[in-house]
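K.L.:
What follows is a single structure, and I will ask about it in a moment.
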Amino acid sequence: MFTQEGNRASGSAVVVRPARPADAEAVADIWRDGWRDGHLGHVPEELAAVRTPESFAARAAERVGDTVVAVADGEVAGFVMVAGDEVEQVYVAAAGRGTGVAGVLLAEAERLVGENGHDRAWLAVATGNARARRFYARQGWSDEGPFDYPAAGPEGPIAVPCHRYAKRLTD
């Protein structure tokens with residue numbers, strides 16, 4: 001666990017720590033709302049149809065072990081999930097956007113990817129999610145071009161038009 005001075009909106013510190021089972025509900029709520037903001041209209045309808053509140057709740061509970069949360073003012077303000085060299089999910093609650101929480105979470109994700117033994121991190125961004133694409137570019141990530149990300153669906157992977165962003169972690 002560490003504290004990062006980064007919450008410009010409230011002036012309070014952001015504490016980053018491993019998620020606990022009790023955080024799963026807050027993570028699911030942030031994930032669902034953020035996913036809808038960034039993905040609806042940019043992903044296949046087949047995927048949007050299966051991303052129900054129940055699906056986010058189940059996935060958040062299953063992924064507690066590879067989730068890190070940012071806590072600001074005593075509340076979960078955002079989270080990141082890392083698997084190997086992939087930064088799989090980065091989401092901040094609507095009230096925390098623009099406060100520096102996302103940058104703190106992304107820095108922690110980069111640290112975790114390095115701790116996993118990788119010198120390079122990557123992530124997928126829905127092609128139409130311009131806000132996220134601008135954010136990653138400002139954070140020093142490079143757009144390596146379009147590809148179809150295989151999002152998990154009930155009948156198997158669903159191809160989602162994305163851009164692959166990558167960042168070298170060592171010089």
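K.L.:
Taking only the range 62-95 into account, find how many residues are assigned to a strand (DSSP E or B) and within 14 Å of the chain's Cα centre (by Cα).
P.N.:
Residues flagged as assigned to a strand (DSSP E or B) and within 14 Å of the chain's Cα centre (by Cα) within the range 62-95 amount to 19.
K.L.:
Additional query: In the range 125-148, which residues are aromatic (Phe, Trp, Tyr), closer than 16 Å to residue 42 by Cα and surrounded by 18 or more Cβ atoms within 10 Å (Cβ to Cβ)?
P.N.:
none
K.L.:
If you don't mind, another one. Within the range 82-116, count every residue that is in contact with a helix residue (DSSP H, G or I) (Cβ under 8 Å, 6 or more places away or on another chain) and of a type in the set (Val, Ile, Thr).
P.N.:
Residues that pass the stated criteria total 4.
K.L.:
Mind listing whichever residues of the range 7-44 are open to solvent by 80 Å² or more (accessible area, probe 1.4 Å) and modelled with pLDDT of 95 or more?
P.N.:
18, 20, 21, 22, 25 - these are the residues of the range 7-44 that are open to solvent by 80 Å² or more (accessible area, probe 1.4 Å) and modelled with pLDDT of 95 or more.
K.L.:
Tell me which residues, restricted to the range 106-124, are farther than 22 Å from residue 77 by Cβ, open to solvent by 50 Å² or more (accessible area, probe 1.4 Å) and assigned to a helix (DSSP H, G or I).
P.N.:
115
The values are calculated or read from the model by the stated rules, or taken from the named source; none is laboratory data. Quantities reported herein were computed from a predicted structural model and do not represent experimental measurements. Positions of Cβ are generated from backbone atoms using ideal geometry, with glycine treated the same way; all protein chains shown enter the neighbour counts. Ligands, DNA and RNA are excluded from the accessible area calculation, which covers all protein heavy atoms including side chains. Shrake-Rupley method; radii C 1.70, N 1.55, O 1.52, S 1.80 Å.
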